[in-house]
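Heads up, the thing below is written out as structure tokens.
Derivation of every value follows stated rules applied to the coordinates shown; laboratory data play no part. What you see is a predicted model; the values in this text were computed from it and never measured. For neighbour counting, all protein chains shown are included, and Cβ atoms are generated from backbone atoms with ideal geometry for every residue, glycine included.
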Amino acid sequence: MALPGLASVVDLALAIIAVELLLIGLFLRRRPGASLAGLLPTVLSGLGLLLALRSALAGAAPALTLAALSFGGLAHVADLVLRLRRHGPR
């Protein structure tokens with residue numbers, strides 16, 4: 001069952017994230033040594049979840065939703081590993 005109204009909300013969230021990344025990238029470009037690399041795993045895990053939600057709301061094939069969830073999960077694991085390497089367990 002497709003829910004186009006809610007899918008539009010997810011589309012808006014995806015667009016806002018894209019603009020946010022662009023603005024952060026432009027801001028960090030002016031800072032020597034600063035990079036988006038530290039943010040990417042966090043953002044990609046959220047994007048994976050949003051894409052999974054979007055595909056489910058649009059009535060897409062379950063395999064597509066599973067692929068998006070898997071992508072988000074792998075990005076989340078990468079984010080956790082990078083954070084633990086950077087700061088160590090607390």
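Taking Kirkwood radius over Cα pairs in Å straight from the coordinates, which label in [x] 15.7; [y] 14.5; [z] 13.4 is the correct one? This structure yields the entry labelled [y]. Here the 3J(HN,Hα) profile of region 29-45, calculated from phi with Karplus coefficients 6.51, -1.76 and 1.60 at θ = phi - 60°, is 4, 7, 9, x, x, 7, 8, 7, 4, x, 8, 4, x, 5, 5, 5, 5 Hz, Gly and Pro shown as x.
Spin-label model, residue 13 to residue 86: label points 7 Å out along the Cα-to-beta-carbon direction sit 2.3 nm apart.
Taking all Cα pairs closer than 8 Å and separated by 6 or more residues, the relative contact order of the chain comes to 33 percent. Treating r as the C-beta distance of residue 23 and residue 66 and R0 as 35 Å, the FRET efficiency rounds to 0.65.
Ordering 66, 38, 9 by the projection of their Cα atoms onto the charge dipole of region 4-87, which places +1 on the Cβ of Lys and Arg and -1 on the Cβ of Asp and Glu, puts 38 at the extreme positive end. Label-to-label distance, residue 74 versus residue 40, with points set 7 angstrom from Cα along the beta-carbon direction: 1.4 nm.
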